[in-house]
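Report on one structure; see the data block that follows.
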Amino acid sequence: MIQQIVIEPKQYRDLVERLVTQTARQLPDVDLVVGIIRGGFYPADTLSRALRLPWAYLYVQSYDADEHNTGEIRFGRELSGQKPERGQTVLVVDDLVDSGQTLVKTMEWFDAHYHDYELNFKTAVIWKKACATFEPDLFVQEIPFIEGTNECPWIIQAHEQEAARIGQSLGLKA
């Protein structure tokens, strides 16, 4: 079993707050926040509220219901919420960069759907794994390789733990 890092609720909230603070300081010209659903929902919502910016979300799925990487990235039909306007700076937010494929494919999705808008994109995540092939513009914490390997630990977030606990209390399989 791969090494895991368990993130507690307070730790998660503190990391999101650091992401908001870094964004305000390092990316002051953002016009629109776009959260990648599911992992980017809470960070994007918090960024939008704290920095008083409009926001939208994009459904992107690369993991199945059991949190296994499917090797396939699927997108919702369209961007939900505020649509970008020509020339805006769009901040795409996710919880982490693992392989980097989700953010790479998301940038391709935006190019296919908004290529005439002349948008400027920035990316922000809480965690950047050392094994990532995509370099976000902003990240809060880097997750190093597991010693002696070329793999990075799996991150288990507080809300994932809570959902698993509730599911088990309902008699659902883990």
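What follows is calculated from the coordinates using simple rules that are stated; it is not laboratory data. Remember, predicted model here, so these are calculated numbers, not experimental data. Because the Cβ atoms are built from the backbone with ideal geometry, glycine has one as well, and the counts that use them run over all protein chains shown.
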A 29 angstrom limit on the alpha carbon distance is what I want to check against. Which of 122/173; 10/83; 105/129; 10/122; 10/129 exceed it? 122/173; 10/83
Near the amide H of residue 120, under 5 Å away, which other amide H atoms are found, from residues 5 or more places off or on another chain, if H is placed in the peptide plane? 88, 89, 90
Check: C-alpha center the range 75-98 vs C-alpha center the range 108-167, spacing in Å is 14 Å
Fully extended, how many nm does the chain gain between residue 145 and residue 31 (0.36 nm per residue separation, minus their Cα-Cα distance)? 37.6 nm
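If you count, for each residue, the other Cβ atoms within 10 Å and average over each peptide, how do 97-110, 134-147 line up from highest to lowest?
Values: 97-110: 18.6, 134-147: 15.2.
Ranking, from highest mean packing down: 97-110, 134-147.
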In nm, to one decimal, how far is the modelled label at residue 49 from the one at residue 5, with both set 7 Å along Cα→Cβ? 2.5 nm
Using a Cα-Cα cut-off of under 12 Å, which aspartates and glutamates could be cross-linked to residue 128, ignoring same-chain neighbours fewer than 8 residues away? 94, 95, 98, 137, 142
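Give, rounded to the nearest 20 debye, the magnitude of the charge dipole that the chain has about its Cα centre when Lys and Arg contribute +1 at Cβ and Asp and Glu contribute -1 at Cβ.
Result for the chain is approximately 460 debye, rounded to the nearest 20.
Please give the net charge around residue 107, taking every other residue with its beta carbon less than 14 angstrom from that of residue 107, where Lys and Arg add +1 and Asp and Glu add -1.
Around residue 107, the surrounding residues sum to -3.
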Which of 44, 112, 132 moves the most in a Gaussian network model of the chain with Cα springs under 10 Å? 112
